[in-house]
Amino acid sequence: MSDARKTPIISVRELSKTYDLGEVRVRALRGVTIDVMPREFVMLTGASGSGKSTFMYLVGCLDRPTSGQYWLQGRDVSSLGPRALAHIRNSEIGFVFQGFNLLPRTTALENVELPLLYAGAIGTKQRRARATAALEAVGLGDRLGHYANQLSGGQQQRVAIARALVNNPALLLADEPTGNLDTRTSIEVMGLFQDLNANRGLTIVLVTHEHDIAEYGERIVAFRDGRVQSDHPVTTRRAAAIELARFDETADEDAVSA
Amino acid sequence: MSWSVIFVIAMKALRRNAMRTALTALGIIIGVAAVIVMVAIGAGAQASIESQIRSAGSNIVTVSAGSGGFGPVRQGQGAVTTLTADDAAAIRREVPGIRYLSPGLNTRSQLVAQTSNWNTQVQGTGAELPAIRSWPLEFGAFFTEQHVTRAARVLVLGAVARDQLFGAAADPTGATVRIRNQPFRVIGVLSRKGQAAMGQDQDDTAFVPYTTVQKRLLGVQHIMNVTVSAEDGVALDMLTEQIAALLRVRHRIQPGDQDDFMVRTLEEMASVLTSTTETMTWLLASIAAVSLVVGGIGIMNIMLVSVTERTREIGLRLSVGARDVDVLMQFLVEAVVLSLSGGTIGIALGFGLSYAVATIMEWSAVVTPQAVMLSFGVAAGIGVFFGFYPARKAASLNPIDALRYE
């Protein structure tokens, strides 16, 4: 375990990305150097346009850098071809989007099964069992047959998290996962991330522009104009489980006083 | 990645977008069915016109007395008396490939029965005329070679002449009809044939042996025409040439002089009709082509309209680890399944509608394999191309670009 601690799970050097929009060239990322160690819970913050999302897409192998190096679990990923990157997306990284990105008119179970379909020879029964287990892990064991549009926003995001977890990746990336959720549901989802980080040993990198959400992590990396502006540990970390209990108490009091 | 998994993914995608699937299939179904029905009706019309020509006798050659050319003194048909029964006999004897032959000599006369009378065309012919014209009898029998030899006073009535003299549907066989004050025995009635291609009523007529017209009605030696039907497979232009050559020798016509006869075939008429049906087939084929294009555009529209949604779907699939080939195979299978099932339903519908048109409207409709293959091929081709091509573009994007596609 101590050896694993020494090798960063994510290691990027001078990573940059330039979008060529015809007349304009947008330098979204201008040389970012960061290490993320296993089991870390890192929050990326910054204003919109600061490059934090671009960075996430590069780390998630959803996009390719213009220059710079990226080692994922000690392996140089920046030079890999599209097929190898597809394999990494499938088995080594789980990605959670702000807009959930569930397949419409499809059940929660089938949505979670999706990465398993592309994972090679997995039988129908085993696929079903693993997807069910992943949904139970995010507390949706009783919603397997529900369609995406029959679920609340928080539930949809938890389906998306189950989908990210179903191939047992070591790294979970989340791009503004609470951006479309109300306060209570946001706390719920952050509680789920904290639980996965603490109890399943997942490394989590999460993008958010809300400072209070960032305090659920243990390290905050702030982006500005395509560069890392600051990188510091969270001094007073928030615990979602406790806050949730308190939140429900106040809600009950409100209900009584009303 | 195994084909069974790809197939499962594709079928799930088709089921998830049931409306789009149905609309795309509908485009293919309508395109295929419309082409099949249109071409079937066209082919049926052509076949029925061809069979009408055949029933009129497309293998018939007519020799008529008189000149068709532009001589110094042109005489009308029938005014020339050089064509004789001996010529007819010589044609039969010396020209190969003749199946039936009938000399002809017509006159117009009043027919007088017991209670009524009627003015009609009296056609003197040989005994083989019904065989030449493929003309069955309703009652009795046509006159025989013996009747012709004896110049017998026997009479076969056309249906309209019979109606006028004896009343509709009556069987007058054995009755007596007087022509120019001579008693003729009615021995048969021809079945109704309707109007000829040029409009004249073929049933307002009466047949007697041509010898009878020569000796008993007109008192002449010549005949007006010879009608010949060729054996199957005999080239009519060859037959025409041989008959003309023989008659020129017999009539001692010098090279360069005007013929005193004309040899013509029904082919000339048939070729006009054939070109008419060809025009019609082209017309129907272009209607079919238009319906195929319309159906194709329908397929294309549905496929292209859903590109945005599908590009995002592709982005999502790529982001959870699908390789570009996995996505391409999925879309290919989807497009092929859609095209095959839509095409099959379209073919079935095309057959059904062709059959329905044939029965209800009493048209003939002939489903041609070319129409089936062409329509199916084009519709399936369009379906596969427009299902596959946008997917190919999307699958080559970075996952994040496909996910954020607008």
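The values are calculated or read from the model by the stated rules, or taken from the named source; none is laboratory data. Fair warning: this is a prediction, and the values are worked out from it, not measured in the lab. Counting neighbours? That spans all protein chains shown, and the Cβs are built from the backbone with ideal geometry, glycine included.
Details
- Positions within the stretch B:120-147 being assigned to a strand (DSSP E or B) and of a type outside the set (Phe, Trp, Tyr), in sequence order: B:Thr120, B:Gln121, B:Val122, B:Gln123, B:Gly124, B:Thr125, B:Leu137, B:Glu138, B:Gly140
- Exclusive hit being more than 16 Å from B:Leu292 (Cα to Cα), outside any helix (DSSP H, G or I) and more than 14 Å from chain A (Cβ to nearest Cβ), set B:Val366, B:Val337: B:Val366
- When the stretch B:18-34 is filtered for residues that are within 9 Å of chain A (Cβ to nearest Cβ) and touching a helix residue (DSSP H, G or I) at 6+ places or on another chain (Cβ under 8 Å), nothing remains.
- Pairs with Cβ under 7 Å, 6+ apart, first in the stretch B:97-116 and in a loop (DSSP other than H, G, I, E, B), second aromatic (Phe, Trp, Tyr) and buried (at least 19 other Cβ atoms within 10 Å of the Cβ): B:Ala113/B:Phe166
- Verdict on A:Thr124 being farther than 19 Å from A:His146 by Cβ and of a type in the set (Val, Ile, Thr): yes
- Qualifying residue in the stretch A:175-183 (condition: within 14 Å of chain B (Cβ to nearest Cβ), in contact (Cβ under 8 Å) with a residue 24 or more places away in the chain and under 13 Å from the mean Cα position of the chain (by Cα)): yes
- Test: B:Ala379 is within 21 Å of B:Arg16 (Cα to Cα), surrounded by 22 or more Cβ atoms within 10 Å (Cβ to Cβ) and touching a residue at least 40 places away in the same chain (Cβ under 8 Å): no
- A search for C-beta distances below 8 Å between a residue of the stretch A:114-132 that is at the interface with another protein chain (Cβ under 10 Å from one of its Cβ atoms) and any residue that is assigned to a helix (DSSP H, G or I) and polar (S, T, N, Q), counting only pairs 6+ apart in sequence or on different chains, returns A:Pro115/A:Asn90; A:Tyr118/A:Asn90; A:Ala119/A:Asn90; A:Ala119/A:Ser91.
- Test: residue in the stretch A:88-95 that is of a type in the set (Gly, Ala, Ser), more than 10 Å from every other protein chain (Cβ to nearest Cβ), part of a helix (DSSP H, G or I) and under 26 Å from B:Val5 (Cα atoms): no
- Some residue of the stretch A:96-113 being assigned to a loop (DSSP other than H, G, I, E, B), closer than 16 Å to A:Pro169 by Cβ, within 14 Å of another protein chain (Cβ to nearest Cβ) and out of contact with any strand residue (DSSP E or B) (no Cβ under 9 Å at 6 or more places or on another chain): no
- Of all residues in the stretch B:148-159, those that are assigned to a loop (DSSP other than H, G, I, E, B) and either more than 24 Å from B:Ala170 (Cα to Cα) or over 38 Å from the mean Cα position of the chain (by Cα) (or both) total 3.
- Filter result for the condition that a residue is modelled with pLDDT of 95 or more and small (Gly, Ala, Ser), over A:Ser11, A:Ser2, A:Ser53, A:Ser48: A:Ser11
- Set side by side, the residues B:Leu137, B:Leu83 differ, and just one is buried (at least 22 other Cβ atoms within 10 Å of the Cβ) and either over 22 Å from B:Arg216 (Cβ atoms) or not acidic (Asp, Glu) (or both), which is B:Leu83.
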